[in-house]
Amino acid sequence: MVSKESGEEEMRRRRRRIRGFLGLGFCVQGLRCFPWTAIVFFLKDSLNASPSTLQLLQNSANLPMVGKPLYGVVSDAVYVGGQHRIPYIAVGAFLQAVSWLAIAILSSPNISIFSITIYLLLSNLGASIVEVANDAIVAELGKQKQPSSSSSSSSSSSSGELQSFVWMASSVGGVLGNLVGGVAIDRLSPHAMFFAFGALLAVQFLVTTMVSESSLDLPRTPSGAGIRRQLRELAGALGKPEIAYSISWFAASYAVIPALTGTMFFYQTRYLNVDSSVLGISKVFGQAAMLAWSIVYDRYLKSVPVRKVISYVQVTMALLMFSDFLFVTGVYRNAGVPDSVYVVFFSGLLEVLYFFKILPFSVLIAQLCPRGCEGSLMAFLMAAVALAFIVSGYLGVALASCVGVTADDFSGMPVGLLVQSACTMLPLFWYSCIPEEKPRTGKKKDK
């Protein structure tokens, strides 16, 4: 009896350590919106970047995210000091700290758009390495069965709970980052904001170096795995139709939508003269919506088929994009709705609605993923999404050019938004690629 109670107490302590470590990591990554708020205004106001240049830079800076499968394979196969997750998180935090501190130290006259792009690429390289390792930890721990139950539903619930927790942590970081960023952008220089975030990343690096994987009870892949074996296992996992079709649909559902984020930013700040604090509040509302979504999904939607949840999110995205069309044509303004109110609530929600699909889909992939290549497969998924976002951004630049939108002429915005809304509905025609439930394989019937 005593040993059972002590075992349960040890499990609770381990759970607290895991959640504390992952909570810190995902919260810091959520805070990345803090310096990016400053970057956007710095490019527009100090370097006089055009809408197309701003959007091209934002999307091109995400190119290191496409390399996530490589980082995942290396993380799965190559151990550093007997560990294969924590060292990579430390390296990623270090790269981010160096890049943001470098941007902070360089003065405005001595920095160009090209130089900022290089440092942002370095920062996103570090962020992608951290995300790969953190996602792999979540996938590994989510697949561990609780001692009290070994059923498939229990394993699925455990995975969903941990996914929801880290999603909440990331959302909390996003809320704080946008809230503080929206206030700080009018009171601090962009370089001060860059330095503050770089210092925070340095603290994360130091904390990470003091944590061992044994304290988190992470499973260990057989020591003879090797990179070639990990690549074979990843190829094997991607060879499963339920995984390959799901990831293909998920990436395509983002890629076919031409993003107009940079154009909308210029429309709101230059044409409507929306204050930066309003944009900050808008982003806070969006992050709060993400946090609320993680709670709602964890409590009420985990048992709902993933296909149904994602399709509802896709339709909602299309409706909000059509709402943007009504916004730029003045329908809401004529109805008495102030521009600032729309920007805070509707624009803030649409900006994060893109990411609502990731939570249920990550839970599904974690369940489908074969043991031993969690890092590789989750990294491949995130790389596919990153590439899809880059393609979406480039398509948005092309669309803005086709409809004649510039930094001073937004007359083509309504047509662009209608095209965007129509493209958002396209993936629903082949959403059957997503399995309705986890395939039950490898289970023998009891005789």
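Counting only helices (runs of 4 or more DSSP H) that fall entirely inside the stretch 24-117 and contain at least 2 residues that are farther than 28 Å from Ala169 by Cβ, the qualifying elements are 51-60.
Of the residues making up the stretch 363-414, those that are over 22 Å from the mean Cα position of the chain (by Cα) and surrounded by 21 or more Cβ atoms within 10 Å (Cβ to Cβ) are Leu399, Ala400, Val405, Phe410, Met413. If you go through the stretch 215-255 and keep only what is under 18 Å from Ile365 (Cα atoms), open to solvent by less than 50 Å² (accessible area, probe 1.4 Å) and modelled with pLDDT under 85, you end up with Gln230, Leu234.
Per-residue answers, yes or no, for (1) modelled with pLDDT of 90 or more; (2) over 18 Å from Ile358 (Cβ atoms):
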position	(1), (2)
Met264	yes, yes
Ala288	no, no
Ile295	no, no
Tyr312	yes, no
Phe322	yes, yes
Phe325	yes, yes
Thr329	yes, yes
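Only residues that are within 20 Å of Gly30 (Cβ to Cβ), touching a Phe, Trp or Tyr at 6+ places or on another chain (Cβ under 8 Å) and open to solvent by less than 20 Å² (accessible area, probe 1.4 Å) were counted across the stretch 66-102, and they come to 6.
When only residues in the stretch 286-317 that are of a type in the set (Phe, Trp, Tyr) and surrounded by fewer than 21 Cβ atoms within 10 Å (Cβ to Cβ) count, which is nearest to Glu351 (Cα to Cα)?
The selected residue is Tyr312.
The number of residues in the stretch 35-57 being open to solvent by less than 50 Å² (accessible area, probe 1.4 Å) and under 29 Å from Leu377 (Cα atoms) comes to 3. Of all residue pairs spaced 6 or more apart or on separate chains, those with beta-carbon atoms under 6 Å, a first member in the stretch 371-385 that is among the aromatic types (Phe, Trp, Tyr) and a second member that is modelled with pLDDT of 75 or more are Phe380/Pro69. Return yes or no: is Pro258 modelled with pLDDT of 80 or more, of a type outside the set (Ser, Thr, Tyr) and open to solvent by 40 Å² or more (accessible area, probe 1.4 Å)? So Pro258 does not fit the description; no. Here Ala127 meets each of (1) over 17 Å from Arg32 (Cα atoms); (2) open to solvent by less than 40 Å² (accessible area, probe 1.4 Å) with one exception, condition (1).
Hey, any hits in the stretch 97-109 for a residue that's modelled with pLDDT of 90 or more and not hydrophobic (A, V, I, L, M, F, W, C)? The answer is yes; a qualifying residue exists. When we screen Ala38, Ala77, Ala93 for residues that are of a type in the set (A, V, I, L, M, F, W, C) and over 23 Å from the mean Cα position of the chain (by Cα), the only hit is Ala77.
If you check Ser277 against the conditions, is it part of a helix (DSSP H, G or I), more than 20 Å from the chain's Cα centre (by Cα) and within 15 Å of Val40 (Cβ to Cβ)? Yes: the conditions hold for Ser277.
Of everything in the stretch 176-190 that is open to solvent by 30 Å² or more (accessible area, probe 1.4 Å) and in a helix (DSSP H, G or I), the residue that is farthest from Leu43 (Cα to Cα) is Leu176. Quick one: Ser212 ticks every box in (1) of a type in the set (Gly, Ala, Ser); (2) under 22 Å from Phe355 (Cβ atoms); (3) open to solvent by 40 Å² or more (accessible area, probe 1.4 Å) except a single one, so which number is it? Unmet condition: (2).
The values are calculated or read from the model by the stated rules, or taken from the named source; none is laboratory data. No experiment lies behind these values; they were computed from the predicted model shown. We place every Cβ from the backbone using ideal geometry, glycine too, and count neighbours over all the protein chains shown. These accessible areas exclude ligands, DNA and RNA; they are computed on the full protein's heavy atoms, side chains included. Shrake-Rupley method; radii C 1.70, N 1.55, O 1.52, S 1.80 Å.
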